[in-house]
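S.K.: Dropping a structure here in structure tokens format, bear with me for questions.
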Amino acid sequence: MLAFIFPGQGSQYTGMGKELCAEFSEAREVFEQADDALGQHLSRLCHEGPEDQLRLTANTQPAILTASIAALRVLQHETDLKADLLAGHSLGEYSALVAAGALDFADAVRIVRLRGTFMQEAVPDGEGAMAAVLGIDAETLQQICAEAAKGEGRDEIVTPANYNATGQIVIAGHTRAVERALELAAERGARRAMRLPVSAPFHCPLMLPAGERLQLELEQVSINPLSVPVVSNVEATPYSDSSKTIELLVRQVSAPVRWDESVRNMIDQGTERFIEIGPGKVLSGLIKRIERKMPSANIEDIKSLKALV
């Protein structure tokens, strides 16, 4: 079995998709569709920057989605590879749903632009943070978060946000609570604990208002049958029932990304190879941490495409 996996926020870089667009009309058409859907030159932002504008959440999310689907269309044109399972990390779940035919690409681009805006606006600037904690098991980190949430005079929020791989977990919540959790993690033997350069505390209960706004938008678009099962971040298991799609995407905004568990479940289902489609190799690196001997590859430019075929 073969699984296609799609990256999330943090994998963006200036120049992503540029080579594929220069070489393949399939990639150019995807970027043109995104430009039309958003009414802006997203293609120019992806290919030329500036970097600070590309890093803005409302731009990053449609940019990564577009670069990922452009790479997918090239892969589909140049090879006979077909996925038995699809999955994506956070934002990447939208790419997976486009690949499955559940979401029209133009609808997906507009939705993730709004998703990024809603997530950014859910928490005032400076009041939320995310941090990576390495070298501590999930149960211990959950206990640390529960202790750190007890603030000075009032309870705050800090919870695990991304279960990326064994001993590699991201937490999110109120800035002061995250900082207290980092101090406790360091005291209890974390190999490394550091703030991440993100603009909002994604995948924690502070994102519930963003989920409510997102649901209203998702209910306005067509959700089609899934041609290939998609592994949801929320449940970490494959699903094919399109009636669940909106609920899972709404819950995903404020629930932790269960990536480690998702990958292990895909392997248990019989997956023998992973191909990461889109910018960067973050997910390929996580696959190696989760199951060292599992074959994986990526496609994001001409070099990686040639290596794949």
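S.K.: If I filter region 79-118 down to residues being among the charged types (D, E, K, R) and farther than 19 Å from residue 34 by Cα, which single residue comes out as surrounded by the most Cβ atoms within 10 Å (Cβ to Cβ)?
M.R.: The first filter runs over region 79-118 and keeps only residues among the charged types (D, E, K, R), leaving 80, 82, 84, 93, 104, 107, 110, 113, 115.
Among the residues that remain, those that are also farther than 19 Å from residue 34 by Cα are: 80, 82, 84.
Numbers: 80: 6, 82: 10, 84: 17.
In this case the residue turns out to be 84.
S.K.: Shifting gears a bit: I'd like the full set of residues that are aliphatic (A, V, I, L, M) and closer than 20 Å to residue 245 by Cα, limited to region 196-217.
M.R.: Here is the first cut: in region 196-217, the ones aliphatic (A, V, I, L, M) are 196, 198, 200, 206-208, 210, 214, 216.
207, 208, 210, 214, 216, listed by residue number.
S.K.: Select from region 85-94 the residues that are of a type in the set (A, V, I, L, M) and either outside the structural domain of residue 272 (by TED's automatic domain parsing) or outside any loop (DSSP other than H, G, I, E, B) (or both) and list them in ascending order. Full working, then the answer.
M.R.: Of region 85-94, the ones of a type in the set (A, V, I, L, M) are 85-87, 91.
Correct list: 85, 86, 87.
S.K.: I would also like to ask the following. Keeping to region 234-255, report how many residues are touching a residue at least 24 places away in the same chain (Cβ under 8 Å), within 17 Å of residue 118 (Cβ to Cβ) and of a type outside the set (A, V, I, L, M, F, W, C).
M.R.: Of the residues in region 234-255, 3 are touching a residue at least 24 places away in the same chain (Cβ under 8 Å), within 17 Å of residue 118 (Cβ to Cβ) and of a type outside the set (A, V, I, L, M, F, W, C).
S.K.: Going by what's in this entry, would residue 136 be described as outside the structural domain of residue 219 (by TED's automatic domain parsing) and outside any helix (DSSP H, G or I)?
M.R.: Numbers: outside the structural domain of residue 219 (by TED's automatic domain parsing): yes; outside any helix (DSSP H, G or I): yes.
Against the criterion (outside the structural domain of residue 219 (by TED's automatic domain parsing) and outside any helix (DSSP H, G or I)), residue 136 qualifies.
S.K.: Inspect all residues belonging to region 63-75 and state whether any of them is closer than 26 Å to residue 234 by Cβ, at pLDDT below 95 and touching a helix residue (DSSP H, G or I) at 6+ places or on another chain (Cβ under 7 Å). Don't jump to the end; show me each part of the working.
M.R.: So in region 63-75, the residues closer than 26 Å to residue 234 by Cβ come out as 63-69, 71-72.
Now drop any that are not at pLDDT below 95, which leaves none.
No: zero hits.
S.K.: What number goes with the only condition from (1) farther than 28 Å from residue 263 by Cα; (2) β-branched (Val, Ile, Thr); (3) in contact (Cβ under 8 Å) with a residue 60 or more places away in the chain; (4) surrounded by fewer than 22 Cβ atoms within 10 Å (Cβ to Cβ) that residue 175 does not pass?
M.R.: (3)
S.K.: Output yes when any residue across region 222-237 is part of a helix (DSSP H, G or I), at negative phi and among the hydroxyl-bearing types (Ser, Thr, Tyr), and no when none is.
M.R.: Filtering region 222-237 for residues part of a helix (DSSP H, G or I) gives none.
No.
S.K.: Given (1) surrounded by fewer than 21 Cβ atoms within 10 Å (Cβ to Cβ); (2) in contact with a strand residue (DSSP E or B) (Cβ under 6 Å, 6 or more places away or on another chain), where does residue 158 come up short, assuming only one miss?
M.R.: That leaves (1) as the condition not met.
S.K.: What single numbered condition from (1) farther than 26 Å from residue 125 by Cβ; (2) not in a loop (DSSP other than H, G, I, E, B) fails to hold for residue 82?
M.R.: So residue 82 meets the others, but not (2).
The values are calculated or read from the model by the stated rules, or taken from the named source; none is laboratory data. Keep in mind it's a predicted model, so treat the numbers as computed, not measured. Neighbour counts are summed over all protein chains in view; Cβ atoms, including those assigned to glycine, are modelled from backbone coordinates with ideal geometry.
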